[in-house]
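The values are calculated or read from the model by the stated rules, or taken from the named source; none is laboratory data. Being a predicted model, the structure only gives us computed values, none of them experimental. Backbone-built Cβ (ideal geometry, glycine too); neighbour counts: all protein chains shown.
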Number of protein chains: 2
Amino acid sequence: MDTTIAKGLRLLNRIAHADAPVGVTAMAKEMGLEKSNVHRTLTTLMTLGYVQKDGATGRYGPTLKVWELGMKVVTRHPMVRAARPFMQMLHQQTQETIHLTILDGADCIYLDQIRAPVPVRSTPVPGHRVPAIFPASGRVQLAFQPNVEEIINVFRTSHPRGKEIKVAATLKEFATIRQQGVTFTESGWSTGINSIAGAIIGRDGFAAAAIAVCGPAERLTLERMEGLSEEVLNACTQAGDSLRGS
Amino acid sequence: MDTTIAKGLRLLNRIAHADAPVGVTAMAKEMGLEKSNVHRTLTTLMTLGYVQKDGATGRYGPTLKVWELGMKVVTRHPMVRAARPFMQMLHQQTQETIHLTILDGADCIYLDQIRAPVPVRSTPVPGHRVPAIFPASGRVQLAFQPNVEEIINVFRTSHPRGKEIKVAATLKEFATIRQQGVTFTESGWSTGINSIAGAIIGRDGFAAAAIAVCGPAERLTLERMEGLSEEVLNACTQAGDSLRGS
DNA sequence: GAACATAGTTCCAAATAATAGAACAAGTTC
DNA sequence: GAACTTGTTCTATTATTTGGAACTATGTTC
C-alpha cells in the first residue's frame, strides 16, 4: 500500500471539501500529520497544478484541474452518454428539470441534469449524494435491486431518520413500483418538490440508473405526473436499449 | 518533491482520460514505469476508491469518486455561484444554451452551462478547453486582459492554425470589444453555431469570466444577437457586482 | 513599538516505504 | 499443447519520505 499517495489524496480531498482555503497548521492538526509533511505535500500538489496558494492569506485551495479531471470521467461514463439524448427529449416535452441518478450503496448520486428555464429552488446539483430511500429516483432503483432488504437495513441503522422506515410496507410498495415501472413522490427529498422517476435497466436485469422529472408541486401536480408516466417509461427503456446495445 | 504522489496522479489522469479501461502492461510501457510498480499503485488507488477493476478484462478504469471530488470544487467556485442566477435569467429570456467560461492561459474553459430545450449539435460540455481566440466567450475575455499580446503570441506559436491570426487587426478588434462590452462570432469555434458573449469584470478591472448565449445560425441570427446585447451586458454586470460584493 | 504569538518554511539525519527485477500464475493465440 | 502475453507476488536494495527542531515572516497584544 502506497501510503504517500493516500496521504496526498486525503489532503486533496480535504482541500476540495473546504468552503475556504485552508492553512498548513490547521490541516496538520486535523489529519494528525507533521506541519513539514503537510507543507511538502501541498507544495507537490501545487507544482502538479491541483492546488493553489492564496497570495494574500497563504492558505491553500483547489484548482479547476481537479474538476477537469472529474469531468473527463463523467462525460465518458456510458450511462451519461446513453441517457442524455432521452433526457433531452423529456425536457423538451415537459420543460421541467430532468435528473439522471445512479445508486452507490444506500446513496443516490446525481449524475447529470437538465435544468428547467424556471428552475426549482434548492435543486440537487450533479455530484450530490442523498439517501436513496427519499427521492423517487432512488426508490425506483431500489425497487429493481437484488439486495434491497440489506440496503434498507444499512439505511435504518446509519441514518438518523432511518427508524421511520417500515420494512414490510416499503417492500410492498417496491413490488408495486416494479409492476408500474415508475414511481412518484410528493415532497420526497425537498418539501414542495414533486418528482416522477423511472428505472434504466442494465444487462443484469437490475436498475443501473434512474431518470426523473422534477418540479415544484404547483406546476408538477400528481395528475400531470400520471400523464407523464408513459414518456418517462419510454425515455428509460430507450436509454436502456442504447446502454445495452453499446 | 513527493514523486510518489506525482506518479499516482499521473496514473489517475491517464486512466481518467482513457476511453476504455487500461491494462497494467500498457500503462507501464507508456509511462516508463515497472509493471510491478504500476500494479501496486493501481491497487492503492483502488483501495482508496478512485479506480476500479473491470472484472471481465482485468483492466482498470476510473470511479465516480474522482468526479465527485471535482464537482465539490466547481460548485464551491465563486464565479459559478455568482453567475448562475443571471445565466438562468438569460436562458429564460432567450431559450438558448448559456455558457460560463473562464480563461486559463491561452485556453478558455467551459465552467457551467444551461442547455436549450432543443440543443445545438456538438456543443462544448463543462470541463472542455478550447483555444480562447476562437469562441466569442474567449475573445471577449482576451479583450479585457492586461497581457493580450503575450497570449496571442503563445497562441501563434503553439497552435497549428495560429499563423492565421493577424496581431494588429486582432488588437484593433479587441479595442472595439472593450467599447461595446460584448462580441459576436459567426461559426467561431463550431461551424454553424453563432454566439454572443460578454465579460464579467473582476476586482482588478480585468475579465474574470464570460457569459455567452450560443445557438444554431438559423435560430440565433446576427440581428437577434444584436438585440440581445443589452441582456447579455446586464447579466454580466450583475454577475460581476455579485462576485465583487461577496 | 517591543515582546509575544502564531503560521509558514527550510533543513537534515534517521526511519521507512517504494523500487526493480525475477519468478510465478493465468489466459490467449496459433 | 507450446509459445506468448498479461496480471500478480515476492524480496533485497535503494532512495524517498519523515519527524523534529530551527528559522523567518506576519500580525496581535499590551
Would you check which residues across the stretch A:82-103 are within 11 Å of another protein chain (Cβ to nearest Cβ) and in a helix (DSSP H, G or I) and list them? A:Arg84, A:Pro85, A:Met87, A:Gln88, A:Met89, A:Leu90, A:His91, A:Gln92, A:Gln93, A:Thr94
So A:Val120 ticks every box in (1) more than 7 Å from chain B (Cβ to nearest Cβ); (2) more than 16 Å from DNA strand D (Cβ to nearest atom); (3) without any contact (Cβ under 8 Å) to a residue 40 or more places away in the chain but one. Which box is left unticked? (3)
Does the stretch A:29-44 hold any residues that are touching a Gly at 6+ places or on another chain (Cβ under 7 Å) and free of Cβ contacts under 8 Å to residues at least 12 places away in the same chain, and which are they? none
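For (1) of a type in the set (Gly, Ala, Ser); (2) touching a strand residue (DSSP E or B) at 6+ places or on another chain (Cβ under 9 Å); (3) surrounded by 24 or more Cβ atoms within 10 Å (Cβ to Cβ), each residue gets a yes or a no:
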position: A:Ile98; (1), (2), (3): no, yes, yes
position: A:Asp107; (1), (2), (3): no, yes, no
position: A:Ala116; (1), (2), (3): yes, yes, yes
position: A:Ala136; (1), (2), (3): yes, yes, yes
Enumeration of residues in the stretch B:12-43 that are within 31 Å of the chain's Cα centre (by Cα), at the interface with chain A (Cβ under 9 Å from one of its Cβ atoms) and farther than 22 Å from B:His128 by Cβ: B:Thr41
Can we say B:Gly70 is part of a helix (DSSP H, G or I), surrounded by 21 or more Cβ atoms within 10 Å (Cβ to Cβ) and within 12 Å of DNA strand D (Cβ to nearest atom)? no
Out of all the residues in the stretch A:45-54, which are crowded, with 21+ Cβ neighbours inside 10 Å and either touching a residue at least 60 places away in the same chain (Cβ under 8 Å) or part of a helix (DSSP H, G or I) (or both)? A:Leu45
Scan of the stretch B:104-116 for residues that are within 11 Å of chain A (Cβ to nearest Cβ) and either part of a strand (DSSP E or B) or farther than 18 Å from B:Asn194 by Cβ (or both), ordered by number: B:Asp104, B:Asp107, B:Ile109, B:Tyr110, B:Leu111, B:Asp112, B:Gln113, B:Ile114
Scan the stretch B:211-220 and give yes if some residue there is within 14 Å of chain A (Cβ to nearest Cβ), surrounded by fewer than 17 Cβ atoms within 10 Å (Cβ to Cβ), touching a residue at least 12 places away in the same chain (Cβ under 8 Å) and closer than 18 Å to B:Ile102 by Cβ, otherwise no. no
Check on B:Val140, crowded, with 22+ Cβ neighbours inside 10 Å and within 16 Å of DNA strand C (Cβ to nearest atom): no
Matching residues in the stretch B:55-81 - criterion: being of a type in the set (Ser, Thr, Tyr) and either facing another protein chain (nearest Cβ under 7 Å) or touching a residue at least 40 places away in the same chain (Cβ under 8 Å) (or both): B:Tyr60, B:Thr75
Residue match in the stretch B:126-135 (condition: free of Cβ contacts under 8 Å to residues at least 12 places away in the same chain, β-branched (Val, Ile, Thr) and assigned to a loop (DSSP other than H, G, I, E, B)): no
Boolean, A:Gly58 is more than 11 Å from DNA strand C (Cβ to nearest atom) and either part of a loop (DSSP other than H, G, I, E, B) or buried (at least 19 other Cβ atoms within 10 Å of the Cβ) (or both): no
Condition first: surrounded by fewer than 18 Cβ atoms within 10 Å (Cβ to Cβ) and under 20 Å from A:Gly227 (Cα atoms). Now tell me which residues in the stretch A:162-199 satisfy that. A:Thr176, A:Arg178, A:Gln179, A:Gln180, A:Glu186, A:Ser187, A:Gly192
Take A:Arg115 and tell me if it is among the basic types (Lys, Arg) and either outside the structural domain of A:Ala239 (by TED's automatic domain parsing) or within 13 Å of the chain's Cα centre (by Cα) (or both). no
Do you know which of the residues in the stretch B:215-240 that are within 16 Å of B:Ala83 (Cα to Cα) and either among the β-branched types (Val, Ile, Thr) or not in a helix (DSSP H, G or I) (or both) is nearest to the chain's Cα centre (by Cα)? B:Val232
Per the filter on the stretch A:27-53, residues charged (D, E, K, R) and more than 12 Å from DNA strand D (Cβ to nearest atom) are A:Lys29, A:Glu30, A:Lys53
